[in-house]
Amino acid sequence: MTSLTLSRAPSRWRSGLRGLLLQRLFQAGLVAWMVGTLTFVLTRTLPGDMAYRIAAGRYGHDMVDSAAAEAVRAELALDQPALGAYLGWLWDLLQLDLGRSLVSGEPVIHELWHQLGHSLGLAVMAVLLSLLIGPPLGLLAGRKPAGLLDRGSELAASVLRALPPFAVGLLLIMLFSVALGWLPAAGHGRFAHSVLPALTLALALAAVSSRVARNAMAEVSQSAYYAFSHTKGLGARLSFLRHGLRNAALPVVAYLGVQFVYLIEGVVVVETLFAWPGIGHALVHAIVARDVPMIQGTALVMGLMFVALNTVVDLICHWLDPRRREA
Amino acid sequence: MSHPLLQATDLTIQGDGVTIAPFSLNLGSGERLTLLGETGSGKSLIAQAIMGTLPRGLTTSGELLIDGTRYAAADVAARRTLWGRRLALLPQEPWHALDPTMRAAAQITESHRHVAGLARADARQATQHDLTELGLEDAGGKLPGELSGGMAQRVAFAAASAGGAPIVIADEPTKGLDAPRRDAVVELLARTPRAGGALLTITHDIDVARRLGGEVVILRQGQVVERGPAQQVLSDPQTEYGRRLLGAEPSRWPAPPPLTSAADATPVVTARGLAKSRGGRLLFQDLDVSVGPGEIVGVVGPSGCGKSTLGDMLLGLASCDAGEIEHAPGHRLGLQKLYQDPPAAFSSHWRLSRLLDDLVRRHDLERSAIAPLMERLGLDGRLLVRRPGEISGGELQRFAILRVLLLKPRLLFADEPTSRLDPITQQQTLSLLVELARERHCGVMLVSHDPALIARVCDRQLALGEATNVNGPAASARPLETASA
């Protein structure tokens, strides 16, 4: 019996996995192409003289004149038809070449590699922090719907989610940096620098996941199988561990995939606010300087990150929920 | 009297508009007691009061003696330690009571391990033994969603009784199961008293009560109406209500009004050579069906044989793989369906008056037709201000019939319309449906898993089942010429 179970378990967990991964891979390709095309079109249609902006990015606003702008225009072939530039970019992308920054002249991939690490560190910390705050609070609230904890956490969650991330960030800076002086207001380098930006992102993530967890737990605790688990003699603790956790975790994890949109959008704002040298910070600078390859590269990496993170969510759901594997 | 296992003395339940009069029972080893009654009779509440699982807002008093220990009925917390060990509860609709994300064997094993306290390997072995004994060898690795109703019932039984509780309480154990599965459940329940335990069954199914035997208590609105040995109470009831309850068994129903329409009337629907497969399995082929105006055609067959699919095809809601379907001329609203679960067929947030208004406005119907129909269906006008969840299942199903009849249907596909209702309500609802269908020349296809009911109500029947055997001896799919039954 034991050997039978052991030999069957891995094949079960793998069934249906191939289709899932292939589908996500296809999506990643589609995202890369669409994000790249869209950013290309958008940067070309922005008002203002592109060559002038790039020249300003290179030499500074005070130093730029129309001669410098013309030089840039000629160098980057900005007066040539857009289609040629687009096809050139696409061909380079197929060879995994993201081009060079128009401002610094460095390969985009080098710049991104450096910044992505900082952003990922921040994002991972934010997600872990939000998982420590949100779901446990939601599970506790869900066990007593309409109780004090439920009402209180609902209010807090609504306020936190309604405030834009820069407002939450500013409030945290005012409290912890200005009033209390515990943490630095901005910068990068020490662990203390990462606490406030991570917390800013985590609070809004936790606000949503605590409510999802609360609803999931309330639904589980009213379900017939949860009642049956009690009446068959498992007791409150075992019922929660064996039948409550897994079933309540499913919606929380699944919703995490949707929340990553917020995370990626929040990273841009929060990094700018806290002067965090990450990919979001880089994107804002690249847009100001019309550094098209940088914009394309950054948006591309963010899009692919979204697909990758959702793939991870899918894998966790796949592992948590045996019903998915039969499909 | 054998060694008493479960004794209740003056058990009462109060609150939320519910009153259960003092109720006493005494169950010894090897004995069976069945509480019989319609919805709202309080039979389930008595089981919940004994278990200690009454919904919030209800209070209980009285005294319980469970396997030699005395408990105040109000002291609910004290009985929690008995769950699974002294008292086992077989839940209603066990396919909902099994954790949908855990495999069947694991749900039995956890009872052996954590309730009976066996070691991991022993618990696995005990589970394997249970599965074999219940004929579920292949089901251990399946998820509850992949089990049939009968299989889920047996898995739940094994999970609930793994702790070795001598007292088993079964709450509506046959709800939602078809006739052959019902017999298997009765057989399953009979194991407990045979092994020296005590069995308390809650049911509205008279046939189940009869097969279980032992003592029977008929309950109505929280009062004991009649009580005694099963053979006596269920063959020769002494009270008027007892006779009415037994009279509601389909085999004792009065015959429906005869079919009066002309023998050569054009059928409302004619289908020839129908075939349908689902999931690679052939449901039926070369199936001929026709329904005349006002005719009641029964559709029987085991779960999953394609009864509902056939209905959807005849109503034009599903496509067929082969064959042709011909409807009598008329508006497409003339093809209607009556659903199994009334609450699921109504939008729960609106008052019934609003729901009817919407229907009348949407289809430009005669508003004046509502009142007389409501009277025919025995529906009080005061019900209109309530929401679907605030009236009984029987009343709501009659509202569903009202809603369908307002559309002047030519063909009505009634998909187990009364399987969730108790016997007396079932009889009332069906006889009204038949009467009105006859009057309005509406052809009805009635699906049921109760053969006695079909035999009683229908002019003829169509048996689906073995794909190759549709037109075999069991299937009285007549030749296409309509003749009055």
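The values are calculated or read from the model by the stated rules, or taken from the named source; none is laboratory data. Note that this is a predicted model, so its numbers are computed, not measured. We place every Cβ from the backbone using ideal geometry, glycine too, and count neighbours over all the protein chains shown.
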Check your understanding: Tell me, which residue of region B:359-378 that is under 14 Å from B:LEU402 (Cβ atoms) and among the acidic types (Asp, Glu) is surrounded by the fewest Cβ atoms within 10 Å (Cβ to Cβ)?
Key -> B:GLU366
Exercise for review: Give B:ARG220, B:ARG227, B:ARG278 a once-over and let me know the one that is in contact with a Gly (Cβ under 8 Å, 6 or more places away or on another chain) and not assigned by TED's automatic domain parsing to the domain that holds B:LEU430.
Suggested key: B:ARG220
Study note, to complete from the structure: Condition set part of a strand (DSSP E or B) and under 16 Å from the mean Cα position of the chain (by Cα), scope region B:416-464, selection surrounded by the fewest Cβ atoms within 10 Å (Cβ to Cβ): answer is B:VAL447
Point to revise | Verdict on B:GLU226 being touching a Phe, Trp or Tyr at 6+ places or on another chain (Cβ under 8 Å), without any contact (Cβ under 8 Å) to a residue 24 or more places away in the chain and of a type in the set (D, E, K, R) | key: yes
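Within region B:324-362, count every residue that is more than 19 Å from B:GLY393 (Cβ to Cβ), out of contact with any Gly (no Cβ under 9 Å at 6 or more places or on another chain) and at pLDDT 90 or above.
9
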Exercise for review: Give A:ASP65, A:ASP79 a once-over and let me know the one that is touching a helix residue (DSSP H, G or I) at 6+ places or on another chain (Cβ under 7 Å) and free of Cβ contacts under 8 Å to residues at least 12 places away in the same chain.
Suggested key: A:ASP79
Practice item. Tally the residues that are closer than 16 Å to A:LEU250 by Cβ, surrounded by fewer than 21 Cβ atoms within 10 Å (Cβ to Cβ) and either free of Cβ contacts under 8 Å to residues at least 60 places away in the same chain or within 14 Å of another protein chain (Cβ to nearest Cβ) (or both), restricting the search to region A:188-220. Key: 1
Practice item. Go over the candidates B:VAL168, B:VAL155 one by one and state the one that is closer than 19 Å to B:ALA198 by Cβ and hydrophobic (A, V, I, L, M, F, W, C). Key: B:VAL168
Check your understanding: Given the conditions (1) within 14 Å of chain A (Cβ to nearest Cβ); (2) in contact (Cβ under 8 Å) with a residue 12 or more places away in the chain; (3) surrounded by fewer than 22 Cβ atoms within 10 Å (Cβ to Cβ); (4) within 30 Å of the chain's Cα centre (by Cα), and given that B:ARG56 satisfies all but one, which numbered condition is not satisfied?
Key -> (2)
**Study point:** Qualifying positions in region B:122-160 - hydrophobic (A, V, I, L, M, F, W, C), at the interface with chain A (Cβ under 9 Å from one of its Cβ atoms) and not in a helix (DSSP H, G or I)
**Key:** B:LEU143
Check your understanding: Consider A:SER223 against the criteria (1) at the interface with chain B (Cβ under 10 Å from one of its Cβ atoms); (2) hydroxyl-bearing (Ser, Thr, Tyr); (3) in contact with a Leu (Cβ under 8 Å, 6 or more places away or on another chain): it satisfies all of them except one. Which criterion is unmet?
Key -> (3)
Review point. If you scan region B:33-46, which residues turn out to be in contact with a helix residue (DSSP H, G or I) (Cβ under 7 Å, 6 or more places away or on another chain) and surrounded by fewer than 22 Cβ atoms within 10 Å (Cβ to Cβ)?
Key: B:THR39
Exercise for review: Could you tell me whether region B:176-197 includes any residue that is within 14 Å of chain A (Cβ to nearest Cβ) and part of a loop (DSSP other than H, G, I, E, B)?
Suggested key: yes
**Study point:** Among (1) among the small types (Gly, Ala, Ser); (2) loosely packed, with under 14 Cβ neighbours inside 10 Å; (3) farther than 30 Å from A:PHE191 by Cα, the one test that A:ALA68 misses
**Key:** (2)
Check your understanding: So which pairs qualify, if the first residue must be in region B:143-169 and assigned by TED's automatic domain parsing to the domain that holds B:GLU110 and more than 15 Å from B:THR127 (Cα to Cα), the second must be assigned to a helix (DSSP H, G or I) and polar (S, T, N, Q), the Cβ gap must be under 6 Å, and the two must be at least 6 apart or on different chains?
Key -> B:VAL168/B:THR192
**Study point:** Checklist (1) more than 11 Å from chain A (Cβ to nearest Cβ); (2) in contact (Cβ under 8 Å) with a residue 40 or more places away in the chain; (3) aromatic (Phe, Trp, Tyr) applied to B:TRP95, failing item
**Key:** (1)
Practice item. Kindly check whether there is at least one residue in region B:102-113 that is buried (at least 24 other Cβ atoms within 10 Å of the Cβ), of a type in the set (S, T, N, Q), in contact (Cβ under 8 Å) with a residue 12 or more places away in the chain and closer than 18 Å to B:VAL168 by Cα. Key: yes
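Given the structure, is B:LEU87 over 30 Å from B:SER392 (Cα atoms) and within 14 Å of chain A (Cβ to nearest Cβ)?
Yes: the conditions hold for B:LEU87.
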**Study point:** Tabulated pairs, region A:24-38, first at negative phi, second not β-branched (Val, Ile, Thr), C-beta under 6 angstrom, 6+ apart or interchain
**Key:** A:ALA28/A:LEU304; A:VAL31/A:GLY303; A:ALA32/A:LEU300; A:VAL35/A:ALA299; A:VAL35/A:LEU300; A:VAL35/A:GLY303; A:GLY36/A:GLN296; A:GLY36/A:LEU300
Exercise for review: Give the residue that is nearest to A:PHE40 (Cα to Cα), with candidates limited to residues of region A:86-109 that are in contact (Cβ under 8 Å) with a residue 40 or more places away in the chain and in a helix (DSSP H, G or I).
Suggested key: A:TYR86
Practice item. Would you check which residues across region B:248-280 are in contact (Cβ under 8 Å) with a residue 24 or more places away in the chain and not in a loop (DSSP other than H, G, I, E, B) and list them? Key: B:PRO250, B:SER251, B:VAL269, B:THR270, B:ALA271, B:ARG272, B:GLY273, B:LEU274, B:ALA275, B:LYS276, B:SER277, B:ARG278
Point to revise | In region B:198-215, the residues that are in a helix (DSSP H, G or I) and touching a residue at least 40 places away in the same chain (Cβ under 8 Å) | key: B:ILE206, B:ASP207, B:VAL208, B:ALA209, B:LEU212
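Do the conditions hold for B:ALA119, that is, is it more than 7 Å from chain A (Cβ to nearest Cβ) and crowded, with 18+ Cβ neighbours inside 10 Å?
no
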Exercise for review: Inspect all residues belonging to region A:301-310 and state whether any of them is more than 14 Å from the chain's Cα centre (by Cα), touching a residue at least 24 places away in the same chain (Cβ under 8 Å) and over 26 Å from A:TYR86 (Cβ atoms).
Suggested key: no
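Out of B:ARG398, B:ARG354, B:ARG361, which single residue is under 19 Å from the mean Cα position of the chain (by Cα) and either among the charged types (D, E, K, R) or part of a loop (DSSP other than H, G, I, E, B) (or both)?
Result of the check over B:ARG398, B:ARG354, B:ARG361: B:ARG398.
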Point to revise | Subset of region B:220-236 [under 19 Å from B:GLN428 (Cβ atoms) and either in contact with a Lys or Arg (Cβ under 6 Å, 6 or more places away or on another chain) or among the charged types (D, E, K, R) (or both)] | key: B:ARG220
**Study point:** Residues satisfying the stated conditions in region A:296-327, i.e. touching a Gly at 6+ places or on another chain (Cβ under 8 Å) and within 14 Å of chain B (Cβ to nearest Cβ)
**Key:** A:HIS318, A:ARG323, A:ARG324, A:ARG325, A:GLU326, A:ALA327
